[in-house]
Amino acid sequence: MSPTPGYVAQLRGAGLRVTRPRVAVLEAVHGHPHSDTDTIFGAVRTVLPDVSRQAVYGVLHALTAAGLIRCIQPAGFIARYESRVGDNHHHVVCRVCGAIEDVDCAVGQAPCLTASDPNGFVVDEAEVVYWGTCAVCSTPQVARSDP
């Protein structure tokens, strides 16, 4: 596996050592947005067959702490990871199949950071999750007749 220069630069820019598992996890998260740890682990195992699950968990934690990836966890769902960081975007979640998609903020830079009464907190992040039914799940299934 030859590391993608962009991933190497991201790791170095975050002050992290460049390792094969870190590059593979970054590549997996970029290639599979909003994926859970099992999906990411499976993708990493295709390029690093001997990597352990614990190593992938450790890398996910390190990359999240460094701000290179983001962990999201809508209510009732397991943690998911995405590579889109550093902007003000939200998520829409399908109540039927669990699909998650990014939704750009329609109002500007960070409209959700102005709480009406933060009760003494200094707010530095807000999370908005829209819930609904995706296009696939909301399309009526065509009745099939048995031959």
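For the stretch 113-126, indicate whether the set of residues that are in contact with a helix residue (DSSP H, G or I) (Cβ under 9 Å, 6 or more places away or on another chain) and not hydrophobic (A, V, I, L, M, F, W, C) is non-empty.
yes
So, Ala135, is that one modelled with pLDDT of 90 or more and more than 25 Å from Leu26 (Cα to Cα) or not?
yes
Please go through the stretch 1-37 and give me each residue that is among the charged types (D, E, K, R) and within 13 Å of the chain's Cα centre (by Cα), ordered by number.
Glu27, Asp36
Checking Thr64 against (1) touching a Cys at 6+ places or on another chain (Cβ under 8 Å); (2) surrounded by fewer than 14 Cβ atoms within 10 Å (Cβ to Cβ); (3) in a helix (DSSP H, G or I), only one condition comes out false. Which one?
Here Thr64 meets the rest and fails (2).
Just to be sure, is Val44 of a type in the set (Val, Ile, Thr) and modelled with pLDDT under 95?
no
Looking only at the stretch 20-39, which residues are farther than 15 Å from Leu68 by Cα and of a type in the set (Val, Ile, Thr)?
If the condition is that a residue be farther than 15 Å from Leu68 by Cα and of a type in the set (Val, Ile, Thr), then Thr37, Thr39 are the ones that fit.
Please pick out the residue among Ala143, Ala115, Ala99, Ala106 that is at pLDDT 80 or above and out of contact with any Leu (no Cβ under 6 Å at 6 or more places or on another chain).
Only one candidate passes the filter, namely Ala99.
Of these, Leu16, Leu11, which one is in contact (Cβ under 8 Å) with a residue 24 or more places away in the chain, part of a helix (DSSP H, G or I) and not assigned by TED's automatic domain parsing to the domain that holds Trp131?
One residue alone meets the criteria, Leu11.
Here is a yes/no grid of residues against (1) free of Cβ contacts under 8 Å to residues at least 24 places away in the same chain; (2) touching a helix residue (DSSP H, G or I) at 6+ places or on another chain (Cβ under 8 Å); (3) among the aromatic types (Phe, Trp, Tyr):
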{"residue": "Val56", "(1), (2), (3)": "no, yes, no"}
{"residue": "Ala62", "(1), (2), (3)": "no, yes, no"}
{"residue": "Gly76", "(1), (2), (3)": "yes, no, no"}
{"residue": "Tyr81", "(1), (2), (3)": "no, yes, yes"}
{"residue": "Arg84", "(1), (2), (3)": "no, no, no"}
{"residue": "Val92", "(1), (2), (3)": "no, no, no"}
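The values are calculated or read from the model by the stated rules, or taken from the named source; none is laboratory data. Note that the structure is a prediction, hence the values are computed from the model and not measured. Note: ideal-geometry Cβ built from the backbone for every residue, glycine included; neighbour counts use all protein chains shown.
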